[in-house]
Amino acid sequence: MAIRCLFSARKNLNCVGRLQLFLSNDCSAVIGLYSTAAKQWGTGDDCHGDDTTDDSSHAGTNVRLLEMRASKLEEQVRKLTEIYKRVLADSDNVRRRTQKFVQDAKMFGIQSFCRDLVEVADLLKQTTGNLQGEEVQRLAQVKDRLEGVFTKHGLEKMSPVGAKYDPYQHEIVCHTPAEGEEPGTVAVVKQDGYKLHGRTIRHAQVGIAVMTQEQD
């Protein structure tokens, strides 16, 4: 009976030992699983942190690229604006020059024709001086009518007597003693000069007053 009890107790101790070993193994397994999970969790956190860092880095890179592109676009806009202003100024200059050319063409397009007409006026002036009576009156009427046409179209006869010599308007053909005139001024007109809208189309042939040795 005592041996049976001893054997039963030993058997129970073996069971208890096995139970302890099982529990010990299970605890180790649980602890291991917990440690693994913790490591995975920590690793997961670390990976998430890396993703956040990468996202921030990518965002910063994108912002810098956008800033660079914006800067390039602003530079292109500035250059295009300058080109546009230059082209606009050039076109405006061309427009003004074209308008001036057209205006001059309208005003001075009859310049050659006017040169021929002033020769007719010279002929009438010479003829009038050689006639008398009624014919003189008729030619005077023609002359007045012709001068009216000249005025209508901007053609005017110069009156240089007493004026300073101007090489752009006068052609010296002789010199005369300065009798009451200032030396260097126009004393006599040999052939009338004409202007078309202020532009000389025929120089006046004049005689200039000069000082003589007797006057000195």
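When 67, 134 are screened for being more than 16 Å from residue 194 (Cβ to Cβ), loosely packed, with under 10 Cβ neighbours inside 10 Å and at pLDDT below 90, only 134 passes. Hey, residue 162 hits all of (1) exposed (fewer than 14 other Cβ atoms within 10 Å of the Cβ); (2) on the phi > 0 side of the Ramachandran plot; (3) within 49 Å of the chain's Cα centre (by Cα) but one; which does it fall short on? Result: residue 162 fails condition (3) only.
Scanning the stretch 149-159 for residues that are open to solvent by less than 40 Å² (accessible area, probe 1.4 Å) and part of a helix (DSSP H, G or I) turns up just one, 150. Exactly one residue among 120, 161, 136 is out of contact with any strand residue (DSSP E or B) (no Cβ under 9 Å at 6 or more places or on another chain) and in contact (Cβ under 8 Å) with a residue 12 or more places away in the chain, and that residue is 120. Looking only at the stretch 111-146, residues that are under 13 Å from residue 201 (Cβ atoms) and of a type in the set (D, E, K, R) come to 3 in all.
Within the stretch 137-148, being open to solvent by 100 Å² or more (accessible area, probe 1.4 Å) and of a type outside the set (Lys, Arg) holds for 137, 141. A single entry from 111, 76 fulfils the requirement of being among the polar types (S, T, N, Q) and either loosely packed, with under 10 Cβ neighbours inside 10 Å or within 30 Å of residue 192 (Cβ to Cβ) (or both): 111. Residue count for the stretch 166-196 under the criterion of being surrounded by fewer than 16 Cβ atoms within 10 Å (Cβ to Cβ) and part of a loop (DSSP other than H, G, I, E, B): the result is 8.
The values are calculated or read from the model by the stated rules, or taken from the named source; none is laboratory data. Treat the numbers as computed from the prediction; the structure is a model and nothing was measured. No Cβ is skipped: glycine too gets one built from the backbone with ideal geometry, and neighbour counts run over all protein chains shown. Areas reflect the complete protein model, heavy atoms only, side chains present, ligands, DNA and RNA absent. Shrake-Rupley method; radii C 1.70, N 1.55, O 1.52, S 1.80 Å.
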